[in-house]
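S.K.: Dropping a structure here in structure tokens format, bear with me for questions.
The values are calculated or read from the model by the stated rules, or taken from the named source; none is laboratory data. Remember, it's a predicted structure, so these values are computed and weren't measured experimentally. Neighbour counts are summed over all protein chains in view; Cβ atoms, including those assigned to glycine, are modelled from backbone coordinates with ideal geometry.
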Amino acid sequence: MRVLLFTGKGGVGKTTLAAATAARVAAAGRRVLVVSTDPAHSLADAFGVRLGADPSEVDTALHAAHVDARGLVDRYWPTLRTHLRGLAAGAGLDALDAEELTVLPGVDELLALTEVARFAESGTWDALVVDCGPTAETLRLLALPEAVAGYLDRVRGTRLIPDLRATAAAVSTLADHLSGLRALLTDAGTTGVRLVLTPERLVVAETRRTLSALALRGVHVDALIANRLVPRARRWQGPAAAWLRTRRSEQDAVLSELDSSTALPVHRVEHRAHEPVGAVALRAVAQELYGDTDPLAARAPGAPLLSVTADGADYLLAIALPLGAGSDLDLARVGDDLVVTVDGVRRLIALPLVLRRYTVTDAEADDAGLHLRLAPGRED
């Protein structure tokens, strides 16, 4: 089972490329489901069919669906919220505090992600392709399992009164489910992200920030896809041809810089005169995108997020993050955790046990990430 998540800045064509990938996988005889968690729900437009919340057949071996996040909230959230409200009230909070405690921002996105996991765990499909929302929404979505799991851990650690055992069981069940969801998202052998971009400097800069943010989350990126390249005007003449050549030259320069700054493969897809709609047109896009390679092939994982080596009495801690030039980086220590913030995206990283009584004495950053030196003796 492979899970591929397609995301990128709004308007870069990620929906078309997700649909094209699914069409290519199905053409090879493998059962594939492509779903959209993007509120815009343009996946139906790519196939030229109507789609609902339940998977429907689009072509042989190819099924598609729109995840109805609002419907999931209406169906599942009220019950759990009632449990949490009772738990909070049982812990001595008044009614208003209990109500505020059960308001979880992003619960609709969270339930959409759990629906994706449900499809993945069904065993029905050989591959699941996900058309995610724009990059910022996707990063928030991928952060939710860890954030909400921490929230629930604090809730279920609250002292309970005897008649709230059912509530505690419900909270524990959800917390365990979120742990499984996070394991799915961070399993590089199963799940990969395809970042879609257009060859413009501002978009590429955002893509570099996204790579750092995904690395902080422990989410594996398979490849970058540069979409909507201007076709080469090799034999054309006149002002229009000159404009096309100039524009393509600018795009090639941007992609050359991107190639030199990342070890990830950068696939290229040219802009088409007609919008590709339907399985046949989408398979033509996929041929340009993948050539003769397997769309489901997994790229070998890079360096682990954390690696520790001894250096005399000190330890060296490497945090593998693809930091771009000018990245806004901040590092702090809170208890046994390192708080790493890159371009506004923050994560608490639990220090390996051997380092918890050590103090950070030096820190450097380069293209490979952060390099910390820790010496014996911790300041409490």
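S.K.: Can you spot a residue in the range 20-31 that is surrounded by 24 or more Cβ atoms within 10 Å (Cβ to Cβ), among the β-branched types (V, I, T), in contact (Cβ under 8 Å) with a residue 12 or more places away in the chain and part of a strand (DSSP E or B)?
M.R.: no
S.K.: Output the number of residues of the range 299-322 satisfying the condition of being under 21 Å from L224 (Cα atoms), among the hydrophobic types (A, V, I, L, M, F, W, C) and out of contact with any strand residue (DSSP E or B) (no Cβ under 6 Å at 6 or more places or on another chain).
M.R.: So the first thing to find is which residues in the range 299-322 are under 21 Å from L224 (Cα atoms), and the list is 299-305, 320-322.
With the extra rule that they be among the hydrophobic types (A, V, I, L, M, F, W, C), the set shrinks to 300, 303, 305, 320-321.
The next check asks that each one be out of contact with any strand residue (DSSP E or B) (no Cβ under 6 Å at 6 or more places or on another chain); those that pass are 300.
Looking only at that region, the number is 1.
S.K.: Residue check, V269 against (1) within 28 Å of T60 (Cβ to Cβ); (2) in contact with a Phe, Trp or Tyr (Cβ under 9 Å, 6 or more places away or on another chain); (3) not acidic (D, E), all met but one. Which one?
M.R.: (2)
S.K.: Moving on. With the structure loaded, tell me whether Q287 is of a type in the set (S, T, N, Q) and either closer than 30 Å to V34 by Cα or in the same structural domain as D366 (by TED's automatic domain parsing) (or both) or whether it fails that test.
M.R.: Details: of a type in the set (S, T, N, Q): yes; either closer than 30 Å to V34 by Cα or in the same structural domain as D366 (by TED's automatic domain parsing) (or both): yes.
Here the answer is yes, as Q287 does meet what is asked.
S.K.: Kindly provide the set of residues from the range 253-279 that are under 28 Å from P322 (Cα atoms), touching a strand residue (DSSP E or B) at 6+ places or on another chain (Cβ under 8 Å) and surrounded by 13 or more Cβ atoms within 10 Å (Cβ to Cβ), ordered by number. Reasoning before the result, please.
M.R.: Step one: filter the range 253-279 for residues under 28 Å from P322 (Cα atoms), giving 253-270.
After this cut, where a residue has to be touching a strand residue (DSSP E or B) at 6+ places or on another chain (Cβ under 8 Å) as well, the list is 255, 258-259, 262, 264-270.
Hits for the range 253-279 are L255, L258, D259, T262, L264, V266, H267, R268, V269, E270.
S.K.: While we're on this one: Anything in the range 189-240 that is in a loop (DSSP other than H, G, I, E, B) and within 12 Å of the chain's Cα centre (by Cα)? List them, or say none.
M.R.: G218, V219, H220
S.K.: Can you spot a residue in the range 171-178 that is modelled with pLDDT of 65 or more, out of contact with any Pro (no Cβ under 8 Å at 6 or more places or on another chain), outside any loop (DSSP other than H, G, I, E, B) and buried (at least 21 other Cβ atoms within 10 Å of the Cβ)?
M.R.: no
S.K.: Of the conditions (1) out of contact with any Gly (no Cβ under 9 Å at 6 or more places or on another chain); (2) of a type outside the set (S, T, Y); (3) at pLDDT 90 or above, L331 satisfies every one except a single condition; which number is it?
M.R.: (3)
S.K.: With of a type in the set (D, E, K, R), in contact with a helix residue (DSSP H, G or I) (Cβ under 9 Å, 6 or more places away or on another chain) and outside the structural domain of T190 (by TED's automatic domain parsing) as the only criterion, which of R272, R346 stands out? Can you show your working first?
M.R.: On the way: R272 fails: outside the structural domain of T190 (by TED's automatic domain parsing).
Exactly one of R272, R346 is of a type in the set (D, E, K, R), in contact with a helix residue (DSSP H, G or I) (Cβ under 9 Å, 6 or more places away or on another chain) and outside the structural domain of T190 (by TED's automatic domain parsing), namely R346.
S.K.: Here's another thing I want to ask about it. If you scan the range 280-332, which residues turn out to be more than 24 Å from the chain's Cα centre (by Cα) and surrounded by 12 or more Cβ atoms within 10 Å (Cβ to Cβ)?
M.R.: To start, the set of residues in the range 280-332 that are more than 24 Å from the chain's Cα centre (by Cα) comprises 280-281, 283-284, 287-288, 291-292, 308-317, 332.
Listed by number, the residues that qualify are A281, R283, A284, Q287, E288, V308, D314, Y315, L316, L317, A332.
S.K.: Quick one: count up the residues across the range 301-353 that are part of a strand (DSSP E or B) and at positive phi.
M.R.: So the first thing to find is which residues in the range 301-353 are part of a strand (DSSP E or B), and the list is 306-311, 314-320, 329-334, 337-342, 345-350.
In the following step, the residues that additionally are at positive phi were identified as none.
Number satisfying all stated conditions: 0.
S.K.: For the range 230-277, enumerate the residues that are without any contact (Cβ under 8 Å) to a residue 24 or more places away in the chain, basic (K, R) and within 22 Å of H220 (Cα to Cα).
M.R.: None; the set is empty.
S.K.: While we're looking at this one, here's another question. Considering only residues that are of a type in the set (S, T, N, Q) and surrounded by 13 or more Cβ atoms within 10 Å (Cβ to Cβ), look in the range 226-252 and name the one that is farthest from R194 (Cα to Cα). Before you say what the answer is, go through the steps one by one.
M.R.: First pass over the range 226-252, keeping only residues of a type in the set (S, T, N, Q): 227, 237, 246, 249, 251.
Subset that is surrounded by 13 or more Cβ atoms within 10 Å (Cβ to Cβ): 227, 251.
Details: N227: 12, Q251: 20 Å.
Of everything passing the filter in the range 226-252, Q251 is farthest from R194 (Cα to Cα).
S.K.: Are any of the residues in the range 291-313 within 27 Å of L374 (Cα to Cα) and either modelled with pLDDT of 95 or more or in contact with a helix residue (DSSP H, G or I) (Cβ under 8 Å, 6 or more places away or on another chain) (or both)?
M.R.: Of all residues in the range 291-313, those within 27 Å of L374 (Cα to Cα) come to 301-313.
Those still in the list that are either modelled with pLDDT of 95 or more or in contact with a helix residue (DSSP H, G or I) (Cβ under 8 Å, 6 or more places away or on another chain) (or both) too: 305, 308.
Within the range 291-313, one or more residues are within 27 Å of L374 (Cα to Cα) and either modelled with pLDDT of 95 or more or in contact with a helix residue (DSSP H, G or I) (Cβ under 8 Å, 6 or more places away or on another chain) (or both).
S.K.: Restricted to the range 340-349, and to residues that are surrounded by 12 or more Cβ atoms within 10 Å (Cβ to Cβ) and modelled with pLDDT under 85, which residue is nearest to G377 (Cα to Cα)? Explain how you work it out, then say what you get.
M.R.: Applying the first criterion (surrounded by 12 or more Cβ atoms within 10 Å (Cβ to Cβ)) to the range 340-349 yields 340-343, 345-349.
Then keep just the ones that are modelled with pLDDT under 85; that gives 342-343, 345-349.
Values: V342: 27, D343: 31, V345: 29, R346: 26, R347: 24, L348: 21, I349: 20 Å.
Among those that are surrounded by 12 or more Cβ atoms within 10 Å (Cβ to Cβ) and modelled with pLDDT under 85, it is I349.
S.K.: Among the residues of the range 44-86, how many are of a type in the set (V, I, T), surrounded by fewer than 15 Cβ atoms within 10 Å (Cβ to Cβ) and modelled with pLDDT of 90 or more? Before you say what the answer is, go through the steps one by one.
M.R.: Filtering the range 44-86 down to residues of a type in the set (V, I, T) leaves 49, 58, 60, 67, 73, 79, 82.
So of that shortlist, the ones also surrounded by fewer than 15 Cβ atoms within 10 Å (Cβ to Cβ) come out as 60, 79, 82.
Right, trim to modelled with pLDDT of 90 or more and you get 60.
Of the residues in that region, 1 qualify.
S.K.: Sticking with this structure for a sec: Give me the pairs, please: first residue somewhere in the range 355-368 and outside the structural domain of T262 (by TED's automatic domain parsing), second residue anywhere and surrounded by fewer than 14 Cβ atoms within 10 Å (Cβ to Cβ) and not in a strand (DSSP E or B), beta-carbon distance under 8 Å, and either six or more positions apart or on two chains.
M.R.: R357/G377; Y358/G377; T359/G377; T359/E379; A368/A303
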